[in-house]
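Read-outs: derived from the displayed coordinates by stated rules, not from any lab. The structure presented is a predicted model; accordingly, all values stated were derived computationally and were not measured. Every residue, glycine among them, receives a Cβ derived from its backbone with ideal geometry; neighbour counts consider all protein chains shown.
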Amino acid sequence: MKKSKVYLTKEGFEEIKKEYKNLVDVERSKIAERIKSAREMGDISENAEYESARERQAFIEGRITELEEILKNVETIKENKNSDVVDVGCVVKVHVEGGEEEFYIVGAVEANPMERKISHESPLGLALMGKRIGDKVEVEAPVGKLTYTILSIK
């Protein structure tokens, strides 16, 4: 089975590396110490601190595995390409519903709609990919069908 690429901006890539390093170098040893302390309290079958520590350890190890997969398959987005076609890494200004909005097209891992970072895999991201200035795209939204007109691509 072929692994799919994980698109990240340079900043996103650095954040993922930083989180990974912290989990491996700091959090693993902290949780190991917490488990050791909880074991020393006696019977672990009814020890809430031990159970809590083991759950945290499982979360940390799961996240480490997830981050390792991301880092193995990462492709850093080339920003400010000044392209005439919408692609991952572009900032797209659109006209919608009588107003203008700007979206940064990023990979799914980095998407954050509150910061106007949308995934290339989202309904709007998919509709915009490969389009040019002046193109119109229709996207089904909870409020109904919205038409976006591309004003600029950076």
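Of all residues in segment 97-126 being among the small types (Gly, Ala, Ser) and over 19 Å from the mean Cα position of the chain (by Cα), which is farthest from Ser4 (Cα to Cα)?
Checked segment 97-126; the qualifying residue farthest from Ser4 (Cα to Cα) is Gly98.
Checking the condition under 14 Å from Val92 (Cβ atoms), out of contact with any Pro (no Cβ under 7 Å at 6 or more places or on another chain) and assigned to a helix (DSSP H, G or I), which residue from Leu124, Leu151 passes?
That would be Leu124, the only listed residue that is under 14 Å from Val92 (Cβ atoms), out of contact with any Pro (no Cβ under 7 Å at 6 or more places or on another chain) and assigned to a helix (DSSP H, G or I).
Quick check on Lys78: is it touching a Gly at 6+ places or on another chain (Cβ under 8 Å) and of a type in the set (Lys, Arg)?
yes
Looking only at helices (runs of 4 or more DSSP H) that lie completely in segment 1-119, which have at least 2 residues being polar (S, T, N, Q) and free of Cβ contacts under 8 Å to residues at least 60 places away in the same chain?
28-39, 48-72
Which residues, taken from segment 85-121, are among the small types (Gly, Ala, Ser), surrounded by fewer than 17 Cβ atoms within 10 Å (Cβ to Cβ) and at positive phi?
Gly98
Does Gly130 satisfy being over 30 Å from Arg63 (Cβ atoms) and assigned to a loop (DSSP other than H, G, I, E, B)?
yes
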